Amino acid sequence: MRLLLKLFAAPVMLALTLLTAIMMFLFDICSFLLTVASVITALLGIGLFFTPTPHGGFIFLFLAFLLSPYGLQAVAGLLIEAVDGLGSSLHRFLVS
C-alpha cells in the first residue's frame, strides 16, 4: 500500500518542484519591476501632499506599500515557500 502511495506521490512532487522553480523565476522578475513601481508611486504620493487635496498622497503611499517588498511581494513569497514546503514533505515521504 505504501509503495502505491509513493507511485502516486512521485509525479505530484515533480510537478510541485517544477511549479516552484517557475514561480521563483517569475517572482524574481516581478519583484524587481514592482519595487521600481513602488518607488515611483511613493515619489508621486509624496508630491501629491503639496497639492490642495492631499488625499491622493495617502492613496498613492498605500499603493506604494502594497507594491513594496513588504506588501504583496511578501505574501507571494510566503505562498511560494508553502508550495516548496509541500514538495519537500512529499520528497521526504518518497525517500523514507
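The values are calculated or read from the model by the stated rules, or taken from the named source; none is laboratory data. Values in this document were obtained by computation on a predicted structure and should not be read as measured data. Don't worry about glycine lacking a Cβ; one is built from the backbone with ideal geometry, like all the others, and counts go over all protein chains shown.
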**Item:** Cβ pairs under 9 Å, 6+ apart, first in segment 22-38 and within 14 Å of Phe60 (Cα to Cα), second surrounded by 14 or more Cβ atoms within 10 Å (Cβ to Cβ) and among the aromatic types (Phe, Trp, Tyr)
**Value:** Ser38/Phe65
**Request:** Scan segment 14-25 and give yes if some residue there is farther than 24 Å from Ser96 by Cα, touching a helix residue (DSSP H, G or I) at 6+ places or on another chain (Cβ under 8 Å) and not basic (Lys, Arg), otherwise no.
**Result:** yes
**Asked** What number of residues within segment 45-64 satisfy the criterion of being loosely packed, with under 15 Cβ neighbours inside 10 Å and assigned to a helix (DSSP H, G or I)?
**Response** 7
**Prompt:** Of all residues in segment 13-71 being over 30 Å from Phe93 (Cα atoms) and of a type in the set (Phe, Trp, Tyr), which is farthest from the chain's Cα centre (by Cα)?
**Reply:** Phe50
**Prompt:** What are the residue pairs meeting all of these: first residue in segment 58-78, first residue within 19 Å of Ile46 (Cα to Cα), second residue of a type in the set (A, V, I, L, M, F, W, C), Cβ atoms under 7 Å, and 6 or more apart or on different chains?
**Reply:** Phe60/Leu44; Phe60/Leu48; Leu61/Ala42; Ala64/Ala42; Leu66/Leu72; Leu67/Leu34; Leu67/Ala37; Gly71/Phe65
**Message:** Can you tell me which of (1) modelled with pLDDT of 95 or more; (2) under 30 Å from Leu16 (Cα atoms) is the one Arg92 doesn't meet?
**Reply:** (1)
